1. Answer yes if at least one residue in the range 12-30 is modelled with pLDDT under 90 and assigned to a helix (DSSP H, G or I), and no otherwise.
2. Out of curiosity, is Glu69 free of Cβ contacts under 8 Å to residues at least 12 places away in the same chain, among the acidic types (Asp, Glu) and outside any helix (DSSP H, G or I)?
3. Do the conditions hold for Pro46, that is, is it assigned to a loop (DSSP other than H, G, I, E, B) and under 24 Å from the mean Cα position of the chain (by Cα)?
4. Looking at this structure, is Gly13 without any contact (Cβ under 8 Å) to a residue 12 or more places away in the chain and on the phi > 0 side of the Ramachandran plot?
5. Got a sec? Which of Thr70, Thr9, Thr79, Thr56 is out of contact with any strand residue (DSSP E or B) (no Cβ under 9 Å at 6 or more places or on another chain), exposed (fewer than 10 other Cβ atoms within 10 Å of the Cβ), at pLDDT 90 or above and not aromatic (Phe, Trp, Tyr)?
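The values are calculated or read from the model by the stated rules, or taken from the named source; none is laboratory data. Here the structure is a predicted model, which is why all the values come from computation and not from measurement. With ideal geometry, Cβ positions are generated from the backbone for all residues, glycine too; neighbour counts draw on all protein chains shown.
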Amino acid sequence: MSSRYTELTESIGERYSQAAERMRDLQVDLVERAREVTQRYLPELPELPLVARLPTPYAIARANFALAETLLAAQKRYTLGVLDALAGSSRRSRARAAKHESEG
């Protein structure tokens, strides 16, 4: 059952990833075209002093993705730790087992 679940999860993930990539490509193309068209009609705006002090969209995106990756990694460690504890293979359980083995 576990193997079938893993296969199914990987298959769904692969299909989702491929569909997301196609949508991303379409959306990026649409944004590029819209920018090209609107640049012809929009006047050049003066730079505002406050804007120069704000982080760039790239910096915001990178910081938020780094945070999300950190939180996801912490959640993974937590979940796997709880599952290990439930299965009796937590660090404490492994340490007790190792102690009993060395004493026995």
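1. First pass over the range 12-30, keeping only residues modelled with pLDDT under 90: none.
Checked the range 12-30: no residue is modelled with pLDDT under 90 and assigned to a helix (DSSP H, G or I).
2. Details: free of Cβ contacts under 8 Å to residues at least 12 places away in the same chain: yes; among the acidic types (Asp, Glu): yes; outside any helix (DSSP H, G or I): no.
In short, no.
3. Values: assigned to a loop (DSSP other than H, G, I, E, B): yes; under 24 Å from the mean Cα position of the chain (by Cα): no.
When the stated conditions are applied, Pro46 does not pass them.
4. Values: without any contact (Cβ under 8 Å) to a residue 12 or more places away in the chain: yes; on the phi > 0 side of the Ramachandran plot: no.
Answer is no for this residue.
5. Values: Thr70 fails: exposed (fewer than 10 other Cβ atoms within 10 Å of the Cβ); Thr9 fails: exposed (fewer than 10 other Cβ atoms within 10 Å of the Cβ); Thr79 fails: exposed (fewer than 10 other Cβ atoms within 10 Å of the Cβ).
Result: Thr56 is the single residue among Thr70, Thr9, Thr79, Thr56 that is out of contact with any strand residue (DSSP E or B) (no Cβ under 9 Å at 6 or more places or on another chain), exposed (fewer than 10 other Cβ atoms within 10 Å of the Cβ), at pLDDT 90 or above and not aromatic (Phe, Trp, Tyr).
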